[in-house]
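Student: The structure is given below, and queries will be raised subsequently.
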Amino acid sequence: MFRQRMQERFLSKFQQEIGQMSLPVIEKDPLMLEIMPIFVSSAMIGLLSWWFERQAKIPEEEIARRILVIMTQGPLRALGLDV
């Protein structure tokens with residue numbers, strides 16, 4: 001139930017924010033616009049679930065910083081790989 005609610009909220013917010021932007025991917029690859037929010041929300045929900053299961057032993061600020069790195073650099077670059 002938690003995962004479903006979180007994903008619904010994330011997808012709603014994503015659609016609202018993206019709807020205000022002009023993105024070239026919409027014209028080139030509209031399927032990417034459909035896939036991306038599912039991918040990102042699933043990853044975020046999985047990470048938050050993991051964090052809660054660890055009883056939040058890692059400070060919120062540290063998790064937020066790591067999420068930002070992954071989201072801005074991509075998972076492979078966040079690991080230090082040169083792609």
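Student: Taking the convex hull of the Cα atoms, report for segment 1-43 its projected area averaged over all directions, in nm².
Tutor: 2.9 nm²
Student: For the chain, take the longest principal axis of its alpha carbons; what is the angle in degrees between that and the long axis of helix 2-19, to the nearest 10 within 0 to 90?
Tutor: 40 degrees
Student: Taking a quarter of the surface of the convex hull around the Cα atoms of the chain, what do you get in nm²?
Tutor: Mean projected area of the Cα convex hull: 6.8 nm².
Student: Summarise the accessible area of the chain (1.4 Å probe, protein heavy atoms) by the percent that is carbon and sulfur.
Tutor: The nonpolar share, carbon plus sulfur, comes to 60 percent.
Student: Could I have the simple spin-label model distance between Met32 and Gln20, label points 7 Å from Cα toward Cβ, reported in nm to one decimal?
Tutor: Those two pseudo-labels are separated by 2.3 nm.
Student: Related question: Specify the angular offset, from 0 to 90 degrees and rounded to the nearest 10, of the alpha carbon long axis of helix 30-53 from the longest principal axis of the alpha carbons in the chain.
Tutor: It is inclined by approximately 10 degrees.
Student: What is the packing order of peptides 41-47, 53-59, taking the mean over residues of other C-beta atoms within 10 Å and listing the highest first?
Tutor: Most protected by this proxy first, the peptides run 41-47, 53-59.
Student: Given a 1.4 Å probe, how much area per residue of the chain is accessible, in Å²?
Tutor: 82 Å²
Student: Determine the order of Phe39, Phe10, Phe2 by accessible area, beginning with the largest, at a probe radius of 1.4 Å.
Tutor: Phe39, Phe2, Phe10
Student: Kindly express, to the nearest 10 degrees and within the range 0 to 90, the angle between helix 60-73's C-alpha long axis and the longest C-alpha principal axis of the chain.
Tutor: The angle comes out at about 30 degrees.
Student: For the chain, what does -39500 (n - 2.57) per DSSP helix run (n ≥ 4), summed and divided by total residues, give at 222 nm, in deg cm²/dmol to the nearest 500?
Tutor: Rounded to the nearest 500, it is -25000 deg cm²/dmol.
Student: Right, next: So if R0 is 35 Å, what FRET efficiency would Phe52 and Ala78 give, r being the distance between their Cβ atoms, rounded to the nearest 0.05?
Tutor: My answer for the efficiency is 0.95.
The values are calculated or read from the model by the stated rules, or taken from the named source; none is laboratory data. Model, not experiment: these values are computed from the prediction. A quick note on method: Cβ atoms are made from the backbone with ideal geometry, for glycine too, and the neighbour counts reach across all protein chains shown. Ligands, DNA and RNA are stripped out before the accessible areas are found, and what is left, the full protein with its side chains, is counted by its heavy atoms. Shrake-Rupley method; radii C 1.70, N 1.55, O 1.52, S 1.80 Å.
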